[in-house]
1. Report, to the nearest whole %, how much of the accessible area of region 273-431 belongs to carbon and sulfur atoms, 1.4 Å probe, protein only.
2. Test of the criteria: in region 158-234, which trypsin sites (Lys or Arg not before Pro) are in a DSSP loop and have at most 14 other Cβ atoms within 10 angstrom of their Cβ?
3. What list of whole percents do you get for P(r) of region 205-352, with Cα-Cα distances grouped in 10 Å bins up to the one holding the largest distance?
4. What does region 157-197 give for Rg and for Dmax, in Å, if only its C-alpha atoms count?
5. Rounded to the nearest 20 debye, what is the charge dipole size of region 364-439 about its Cα centre when +1 sits on each Lys and Arg Cβ and -1 on each Asp and Glu Cβ?
6. So which of K71/K157; K268/K368; K66/K286; K234/K350; K157/K384 end up more than 30 Å apart by C-alpha?
7. One quarter of the convex hull surface, Cα atoms only: what value does that give for region 133-228 in nm²?
8. Would you mind calculating the relative contact order of region 249-358 from Cα pairs under 8 angstrom and at least 6 residues apart, reporting the percent as a whole number?
Amino acid sequence: MGLVETSQRQGTPPPSTDPLTLGEIVGNGLCIGCGLCRSIAGAGHVDMVMTPEGRERPVALQELNKSTLAKINAICPGTRIAGPPPAQMNDAALADTVWGSVERLVLGSAGNPTVRYIGSGGGALTALGQFLLSSGRVKFVLHVAASRSMPMRTERKLSYDAASVLEGAGSRYGPAATLVDFNAILDRGEPFALIAKPCDITAVRNLARLDPRVDEQMRYALAFVCGGASELTKSEQVLQRFGLGEEELALFRYRGHGNPGLNRIETKDGRAFEISYRQLWEDEDKWMIQPRCKICPDAIGQVADIAVSDSWLNGGPAVEDEPLNGIIVRTKRGRELFDAAVEAGAVQIKRESGIAEISELQSHQVRKRRAVWARLKGMEIAGKPVPFVTGLALRECASQNSAAENLAEGRGARDRARRGRLGEPPAVQRETVSKDGQP
Ligand SMILES: Cc1cc2nc3c(=O)[nH]c(=O)nc-3n(C[C@H](O)[C@H](O)[C@H](O)COP(=O)(O)OP(=O)(O)OC[C@H]3O[C@@H](n4cnc5c(N)ncnc54)[C@H](O)[C@@H]3O)c2cc1C
Ligand code: SF4
Ligand code: SF4
């Protein structure tokens, strides 16, 4: 796989030997389970499975030919990660090494009180999704929502109206294969918007280089600022706490209905269980974040038109904070959308913000941006494949760390990679396990 390259150039990956197989992408911890490879190769060639570790992963049903693999390597957000076009950075109202291009940065929320309450933080993404539909800018919104039949699982969702967009409000921390049938979505030939993780948007921006329909039809891409997607086993731990089996569930909500709101579980027989956001995330050793997230060069949505974050002004989430988001408008197109949404009352502004404030509110993102270059170098030194990264100023971010810090990050990653700690076992479908632990 290609080397890490950090210039602003939208370069072509260096001619490499053979493209990585799906097994190699997964085995080296580069897959996030977006599903785009399945969509590209076709359901008859690639299946998505839920592994015993609680990760959604692709499995080739037969050996994929070299041209399919080359295409997968070109679009997969585990092998190819590009920043925004250089012109975006050059023309931006503000360009910051860590935070990328910014047209406007505010604290705000949805204008509608119901959306504000139900939304994950302040409901800004849901409000923007609804406004995209009501203003006629797009025909539908591609995002995700809890599965109706298995509410702890997450499925991709197409929303054609405001009520449907609201159904998908909230953060889904477990696996979410947003792009599992993206090709079929393009076949619809209708203008749409994507609301998703930054890596999902990286994947479709990769595809846009190969398929002109992406830029023609995907009019807007909105992201949330992302600390990492957990494995399903993280959610299963919550069930174990209450002695519940997945088959008993009628609802599994991670947060929302308040900011951050409670992690709420309801069973089909009418029982309800709740834990706070702090209880859900109290033990960092049990976050069960997927390996790809630990080397994520763009968890702050630099390739989105607008990226939306949490904003806890009191230092961290309590049970019931003011519904609020950080809203990073990144492109001119995003600016036009944002201004129109504010004008229409769909989104409201609390006040202007800035790089200093968001760096404080999202200090973990700043630390990660500065660490990723050395982590990738460490993996490379260990002989592992790393994604080909362009236009994300990784080296410049690393230069904000001391040489000793970079060395420690690089050595740590090298040693973990050598011990196989950054990789994953081959993807296989897990057996269904009931609450008594029996298959
Ligand atoms: C895995 C994960 C990690 C996060 N880490 C951080 C962080 O480190 N810092 C931070 O500030 N915020 C983080 N958030 C984002 C935060 O929780 C809010 O989602 C964000 O602030 C937007 O709030 P909102 O009120 O506008 O969202 P809402 O109006 O509730 O809209 C959220 C939208 O995101 C979509 N969505 C939810 N989960 C997923 C998913 N897994 N994949 C694709 N699309 C999804 C929904 O379909 C919905 O359309 C994370 C969210 C997730 C899911
Ligand atoms: S990250 Fe997406 S495209 Fe890459 S291997 Fe995983 S599911 Fe496929
Ligand atoms: S941290 Fe990066 S790779 Fe992980 S889910 Fe978030 S955007 Fe995707």
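1. Numbers: 3630 of 7320 Å².
Roughly 50 percent of what the probe reaches on region 273-431 is carbon or sulfur.
2. Values: sites: R172, R188, R205, R209, R213, R219, K234; in loops: R172, R188, R209.
Passing sites in region 158-234 are R188.
3. Distribution as computed: 9, 28, 32, 23, 8, 0 percent.
4. Rg, Dmax (Cα atoms, Å): 11.2, 30.
5. Values: 16 positive and 8 negative charges, 40 e Å.
Charge dipole of region 364-439: 200 debye, to the nearest 20.
6. Details: K71/K157 25 Å; K268/K368 41 Å; K66/K286 39 Å; K234/K350 34 Å; K157/K384 35 Å.
From the list (K71/K157; K268/K368; K66/K286; K234/K350; K157/K384), the Cα-Cα distance tops 30 Å for K268/K368; K66/K286; K234/K350; K157/K384.
7. Values: hull surface 24.5 nm².
In nm², the orientation-averaged hull projection of region 133-228 is 6.1.
8. Values: 120 pairs, mean separation 23.3, N = 110.
Relative contact order comes out at 21 percent.
The values are calculated or read from the model by the stated rules, or taken from the named source; none is laboratory data. A quick note: this is a predicted structure, and the numbers were derived from the prediction, not measured. Here the Cβ is made from the backbone with ideal geometry for all residues, glycine too, and neighbour counts use every protein chain on show. The area values use the complete protein model at the heavy-atom level, side chains included, leaving out ligands, DNA and RNA. Shrake-Rupley method; radii C 1.70, N 1.55, O 1.52, S 1.80 Å.
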